[in-house]
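No lab work stands behind these numbers, since they all come straight from the coordinates. Here the structure is a predicted model, which means the values were calculated and not measured. When we count neighbours, we look across all protein chains shown, and the Cβ atoms used for this are built from the backbone with ideal geometry, even at glycine.
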Amino acid sequence: MTTPKSELPLTPRALTGFGRTAPTVAHVLSTPDLDIIAEAVRQVADASSHSPAHLRRGIVARGLGRSYGDHACNGGGIVVDMTPLKRVHSISAETAVADVDAGVSLDQLMKAALPFGLWVPVLPGTRQVTVGGAIGSDIHGKNHHSAGSFGNHVLSMDLLMADGEVHTITPDGPDSELFWATVGGNGLTGIVVRARIAMTRTETAYFIADGVATRDLDETIAVHQDGTEDNYTYSSAWFDLINPRRSWAVPPSAGEAWPSSISCRRSSPRIR
């Protein structure tokens, strides 16, 4: 049973990107009911010049709003709040696969997967990102040199398209072009509603890191290129202005760190 057009549960709300600037007011649809979301997509796809203005302004999906730009905003149009779709359907320690709704955050996924000895394969600077947003933006983490971006670990996804139907697509299947257009496609192909993720096996949530202080940008780039980070899972660099050991008489420095997950057998008794 479909919801009549007049009964879509829309709420006007001011939205911004992660920069919290230039807010616009959209008609937000927040529901865990996939049938209602599909009906909203169909209404927008069928909109004509005689349709209400918000149906003629398109529809976009939004997760936790951590995109730096405004592509999860849609002033005057419909924005689907995906966070109510937050069910973890299954996690398998045997296959290292997690089957989750697109509104599941990476924080939620990480906490659910760790008891199975599994780790989120790619984590950006914040865990407050949804799986759907991670796919749509094809996020990268500090392990990009060793693991690639998030899309490299998606085994399949369910995509709600403009016809209101959900299509399951895979990276190597007959819809592979659609799959890879969706990864990093910012929602232009449809709305990701569910995904199967290949997780990374781990013994612990703790990391051990080696670090070095560099004098300037040139030395930092040289350290990045000397092959050292090839021996580590993660690599990160930053401009250090808050180190308490630095006096104002000393120029600012840069930092470089190479973390890797640690083995319980080699960890300290406190970690074990």
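Not counting the cut sites, what is the longest span of the chain without chymotrypsin sites (Phe, Trp or Tyr not before Pro) that DSSP labels loop and that have at most 11 other Cβ atoms within 10 Å? Answer - 69-247.
With helices as the sole contributors, the chain gives -4500 deg cm²/dmol at 222 nm; each DSSP H run of n ≥ 4 counts as -39500 (n - 2.57), and the sum is divided by every residue.
Projection of the Cα convex hull of the chain, averaged over all directions and equal to a quarter of that hull's surface, yields 18.6 nm².
Computed on segment 135-219, with alpha-carbon pairs under 8 angstrom and 6+ residues apart, the relative contact order is 31 percent. Quick one, what does Rg over Rh come out to for segment 45-89 if you take C-alpha atoms and the Kirkwood Rh? With Rg and the Kirkwood Rh in hand, the quotient comes to 1.08. Placing unit charges on the Cβ atoms only, positive for Lys and Arg and negative for Asp and Glu, gives segment 10-81 a dipole magnitude near 300 debye about its Cα centre. Taking the Cα centre of the chain as origin and assigning +1 to Lys and Arg Cβ atoms and -1 to Asp and Glu Cβ atoms, the resulting dipole is close to 1000 debye. Here the contact order of segment 10-81, divided by its residue count and restricted to Cα pairs under 8 Å and six or more residues apart, works out to 40 percent. Contact order for the chain, expressed relative to its length and based on alpha carbon pairs under 8 Å spaced 6+ residues apart, stands at 14 percent. Kirkwood Rh, segment 88-201, all Cα pairs: how many Å? Taking every pair of different Cα atoms in segment 88-201, averaging 1/r and inverting gives 13.9 Å. Taking the alpha-carbon centroid of each part, what is the distance from segment 212-236 to segment 49-102 in angstrom? What the calculation gives is 37 Å, centre to centre. Here is what passes the span test in the chain: the DSSP H helices with alpha carbon length of 15 Å or more along the helix axis and a Kyte-Doolittle mean of -1.0 or above are 34-45. Loop-located trypsin sites (Lys or Arg not before Pro) in segment 1-79 (DSSP state other than H, G, I, E, B) with a sparse environment of at most 12 neighbouring Cβ atoms within 10 Å: ARG20.
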